[in-house]
Amino acid sequence: MRAVRVTRHGGPEVLEVTEVPVPVPGAGEALVRVAAVALNNTDLWTREGAYGRPGDPEARSGWRGPVVFPRIQGADVAGRVEAVGPGGDTGLVGRRVVVDPALYDGDGPDAHPVGLMGSERDGGYADFVVTPLERLHDVTGSPLTDDQLASLPTAYGTALGMIERARMREGETVLVTGASGGVGLAAVQIARARGAHVVAVSSGAKTDAVREAGADAVVDRAGDVVAGIRAAVPEGVDVALDVVAGDLVSEAVPLLREGGRWVIAGALGGYRVTLDVRRLYLHNAQVIGSAMHTPAHFGLLMDMARRAAVEPVVAAAYPLDQAARAQEELARRKHVGKIVLHPGAR
């Protein structure tokens with residue numbers, strides 16, 4: 001089969017399009033023919049080795065540790081079951097599925113993700129991918145396209161994980177940073193679908209797209225962001241869903257209402273933060289780290305997918321052999337929505 005592998009840490013030039021054997025599913029596994037695979041920032045940062053390690057933030061690392069090269073990238077897969085391993089349910093063959101890309105630290109519904117397909121194991125930049133049966137979610141009846149389904153796992157899973165960990169309630173005011181990106185746009189859509197009043201931070205050129213996704217107000221990140229948020233919601237925010245971090249955390253945490261929750265799932269603006277902790281303990285506020293989703297969160301997301309409760313925006317699609325070009329487009333951040341690859345396109 002064709003596959004795109006990372007051969008070492010570096011720029012797009014380290015991606016190689018190659019032919020490799022079709023993987024064989026073992027007991028408890030399935031072989032999925034990939035219809036679409038979506039790109040994420042995790043692809044860029046795993047390729048670059050940008051995640052660091054505990055005690056060594058500058059170390060070259062994948063999502064959760066050293067990457068074993070060569071590695072097939074791609075966490076977000078939608079496709080059809082081609083085969084199952086020994087003893088598996090053959091009734092799954094031909095079913096339309098989405099793969100939960102997380103590797104968990106346990107078997108329960110609240111297990112934590114400690115690895116990611118495309119970083120800690122081979123992913124979906126390929127014609128086929130093998131996955132554990134318990135990570136398959138049947139979405140055969142979903143009205144969403146394959147591209148839209150592939151857009152869900154990491155971005156929407158991360159956004160839903162943030163919302164669930166924030167214990168967001170209907171009617172609360174929610175701040176979403178990086179709102180035109182994959183996770184940000186997903187957070188806007190899901191928060192609005194759950195009845196929140198959404199204030200988003202985005203570039204001025206993407207304001208209309210973010211409003212269309214469900215934001216009640218959009219603050220231009222090129223201006224004074226904190227002043228813009230204050231003007232939009234002078235009474236403050238209940239929940240912040242933040243993929244930017246950096247200086248915004250120290251500057252905007254004081255905007256939290258009593259008992260507010262600031263949830264961080266990214267560090268586009270920098271990973272070092274200075275924080276006045278009095279703004280936390282004097283106001284019963286919380287700062288919460290959120291890495292992707294739990295199995296229970298992903299199950300909720302797939303329920304939403306089956307009834308198209310959210311409709312991902314797909315910005316562009318490329319054939320598999322243009323993965324490097326697609327990653328360059330992702331890194332430029334000029335688009336709104338998700339970029340996908342089509343392994344079947346020749």
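The values are calculated or read from the model by the stated rules, or taken from the named source; none is laboratory data. What you are looking at is a predicted structure, and each value in this text was computed from that prediction instead of being measured. Quick reminder, even Gly has a Cβ in these numbers, built from the backbone with ideal geometry, and neighbours come from all protein chains shown. Remember, those area values only see protein heavy atoms, side chains included, never the ligands or the DNA or RNA. Shrake-Rupley method; radii C 1.70, N 1.55, O 1.52, S 1.80 Å.
Please name all residue pairs, on different chains or six or more residues apart, with Cβ atoms under 6 Å, provided the first residue is in region 18-39 and is farther than 23 Å from residue 322 by Cβ and the second residue is among the aromatic types (Phe, Trp, Tyr). Listed by first residue and then by second, the contacts come to 31/128. In region 69-86, the qualifying residues are those that are in contact with a Gly (Cβ under 8 Å, 6 or more places away or on another chain) and not in a strand (DSSP E or B), and the one that is farthest from residue 150 (Cα to Cα) is 86. Only one of the numbered conditions (1) buried (at least 24 other Cβ atoms within 10 Å of the Cβ); (2) within 19 Å of the chain's Cα centre (by Cα) is not met by residue 196, and that is (2).
Listed by position, the strands (runs of 3 or more DSSP E) enclosed by region 188-266 that each have at least 1 residues that are aliphatic (A, V, I, L, M) and more than 21 Å from residue 164 (Cβ to Cβ) are 197-202, 217-220. All of 50, 27, 75, 35 fail the test of being within 19 Å of residue 113 (Cα to Cα) and open to solvent by 10 Å² or more (accessible area, probe 1.4 Å), apart from 50.
Residue-by-condition table, conditions (1) surrounded by fewer than 15 Cβ atoms within 10 Å (Cβ to Cβ); (2) more than 27 Å from residue 95 (Cβ to Cβ):
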position: 291; (1), (2): no, yes
position: 295; (1), (2): no, no
position: 301; (1), (2): no, no
position: 313; (1), (2): no, no
position: 328; (1), (2): yes, yes
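Quickly run through region 87-110 and pick out the residues that are in a loop (DSSP other than H, G, I, E, B) and either without any contact (Cβ under 8 Å) to a residue 40 or more places away in the chain or on the phi > 0 side of the Ramachandran plot (or both). Result: 87, 93, 94, 105, 106, 107. When 93, 98, 67 are checked against the criterion of being open to solvent by less than 30 Å² (accessible area, probe 1.4 Å) and under 16 Å from residue 137 (Cβ atoms), a single residue qualifies: 98. Here residue 13 meets the list (1) among the acidic types (Asp, Glu); (2) assigned to a helix (DSSP H, G or I); (3) touching a strand residue (DSSP E or B) at 6+ places or on another chain (Cβ under 8 Å) almost entirely, failing just condition (3). Once region 267-289 is narrowed to residues that are open to solvent by less than 70 Å² (accessible area, probe 1.4 Å), modelled with pLDDT under 95 and part of a loop (DSSP other than H, G, I, E, B), the residue that is farthest from residue 155 (Cα to Cα) is 276. When we screen 198, 225, 263 for residues that are within 22 Å of residue 311 (Cβ to Cβ) and among the aliphatic types (A, V, I, L, M), the only hit is 198.
Answer yes if at least one residue in region 119-126 is among the hydroxyl-bearing types (Ser, Thr, Tyr) and open to solvent by 10 Å² or more (accessible area, probe 1.4 Å), and no otherwise. No, because not a single residue in region 119-126 is among the hydroxyl-bearing types (Ser, Thr, Tyr) and open to solvent by 10 Å² or more (accessible area, probe 1.4 Å).
Residues that are among the β-branched types (Val, Ile, Thr) and under 21 Å from the mean Cα position of the chain (by Cα) within region 76-112 comprise 77, 97, 98, 99, listed in sequence order.
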